[in-house]
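Here is the structure we will look at, set down as structure tokens.
Every read-out reported here was derived from the displayed coordinates using simple, explicitly stated rules and does not represent laboratory data. Being a predicted model, the structure only gives us computed values, none of them experimental. When we count neighbours, we look across all protein chains shown, and the Cβ atoms used for this are built from the backbone with ideal geometry, even at glycine.
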Amino acid sequence: MKVFYLGSNIHQEALDIFERTPGSVVVYEEIDIAPVRPAVLRLVDQGRAVGINRERIQASLLAAGAAGGDARERIVSAVLNDYRVFLLKTRFTRVDHEGAFASFGYFSDVVDYALHFNTKFKPRLVYCSYTPHTVEAWIFMRTLEEAGVRIIRLITSPLPWVSLPVAGLAEERIKPLSSASMSHSPKKVARYLEVLNGSYDNALPYYERVMGAFSWGAFKATLSLLAPKNALKAIEKRLVFGEYMKVAKPFDTESPFATYFLHYQPEMNTIPEAGLYCDQYQAIVKVASALPQGVKLIVKEHPSTFTKRCDRRWRPKGFYERIARIPNVLICAPGANAFHHIDRAKFVASIAGVCLTEALARGITAVTFYSPRFTLFPSSLVVDASSVSISELREMLRNICARQSRLSENEVAECLLRVAQSGYDGSDDESFIPRAIMQAAMNSKRANRIAIQDVIDGTLS
């Protein structure tokens, strides 16, 4: 039995494949199925689709009770002794009226629900169209993993049109895989490198193009709307922006420095994928502690933090001040050109953002805290800071900062071609560099459709 979790990537073409394929079961969440509800309900009637919403979980357990036998306690402990579980709940829960203890009880119910599922269907493989990042989906899939079920998922790659397959959710279980489709797109890679080596305005990702900068005019316009919720969000953003401006300082970019690019939060790249480094302070303090003498670390905020919704839960009071107190760390003033801070940097660090691909394209070493995205790059191009000690990182950064030459363009291009060959490409010649969110969504769905067929055929396992 093979299980498929598509999340928001669920679509009719994929469901048509499942309907034609015996031995497949779909796991879904109610929030995702509105456009394809009739097809999902047909699978439910056939006993081949299972929802993982709270009402269904708790109703099921009233009748079934706990599950898992002798392994249950070990599995509950392995899944729930994970701070990411509570962080994932807060991602979608603005105010927690239940409290941590009641939540812990519910999380245990989700584990039991997944164990009953495992007993009933006996799956040998689960395919996830991306890393699960709702609390129910994360707990459900981690439970199956601890019960011995193989988990395969797609993750974002350094190329915006390619998704990479990996096995495993828990850090110690993550292994790179290769797609069977062997997408090979040298022209796309060459064009993307050309864009990234051009001006910042041309290279700007679509999600930043559509956003306007923060201004008091926009703030007042929001307040004028008869929508208290929107007004509160605008006030919240202004408070965070004010805290940012208190510690942001100009910096002489002629002096030796490296740049750390903050991620917008919450997002899947940090929670759950980054583990400990979802608190980006942990990544920044590690890099700062390993810097060679005389080198500063410039921290640049993600522009979407102030152009999209700025969530106080992920930029809490004191967030920027805490970072600014780290020795040798300065917070960059807003509005700075990202390429200016890439081109003059000794290296560029982030969890796994587009900025790292931009740095590589422009000849600058990347330092990542999410290595699965960069497994096809040698350590001479990309340093995995998450898996080394501060002492080891210090030696690596010393060698990088002492180097006078830029990275080899050919070596970077060859690595990106390996990414294209190892992943799933759902784009066409027009959409491979997405210009709108719909293009990116369609690319992801098409890539998943190819991967789903490979899983069914057994060529991705």
When DSSP assigns beta bridges and you keep just the ones with both residues in the chain, what percent turn out antiparallel, to the nearest 5?
20 percent
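Extension gain E13-V247, at 0.36 nm per residue separation less the Cα-Cα distance, in nm?
Contour length minus the Cα-Cα distance gives 79.2 nm.
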For 447-454, 328-335, ranked highest to lowest by mean beta-carbon neighbours within 10 Å, the order is 447-454, 328-335
Kindly express, to the nearest 10 degrees and within the range 0 to 90, the angle between helix 390-402's C-alpha long axis and the longest C-alpha principal axis of the chain.
50 degrees
V126's amide H: which non-local residues (gap 5+, or another chain) put their own amide H closer than 5 Å, with H modeled 1.01 Å from N in plane and none for Pro or chain starts?
V3, R150, I151, I152
Using the Cα centre of the chain as the reference point, and only Cβ charges (+1 on K/R, -1 on D/E), how large is the resulting charge dipole? Debye, rounded to the nearest 20.
820 debye
Using θ = phi - 60° and the Karplus curve 6.51 cos²θ - 1.76 cosθ + 1.60, what whole-Hz ³J(HN,Hα) does each residue of the range 165-172 get, with Gly and Pro shown as x?
x, 9, 9, x, 10, 5, 3, 6
Restricting to DSSP loop positions (anything but H, G, I, E, B) with no more than 16 other Cβ atoms inside 10 Å of their own Cβ, which trypsin sites (Lys or Arg not before Pro) remain in the range 38-87?
none
For the chain, which span is the longest to avoid every loop-located (per DSSP) member of GluC sites (Glu not before Pro) having at most 13 other Cβ atoms inside 10 Å?
255-429
Give the distance, in whole Å, between the Cα centre of the range 302-374 and the Cα centre of the range 89-118.
32 Å
Under a point-charge model restricted to the Cβ atoms of Lys and Arg (+1) and Asp and Glu (-1), what is the dipole moment magnitude of the range 335-418 relative to its Cα centre, in debye to the nearest 20?
180 debye
Which of I10, I456 has the fewest other C-beta atoms within 10 Å, and how do the rest follow up to the most?
I456, I10
So, in nm, how far is label T119 from label M438 when the simple model puts each one 7 Å beyond its Cα toward the Cβ?
4.7 nm
Could you give the length gained by full extension between N202 and E254, i.e. 0.36 nm per residue of separation minus their alpha carbon distance, to one decimal place?
16.2 nm
Need the full-extension length gain, H97 to K317, defined as separation in residues times 0.36 nm minus the C-alpha distance. One decimal, nm.
77.1 nm
Of the candidates F369, A231, G318, the farthest towards the positive dipole end of the range 187-421 (Lys/Arg Cβ +1, Asp/Glu Cβ -1, centred on the Cα centre) is A231
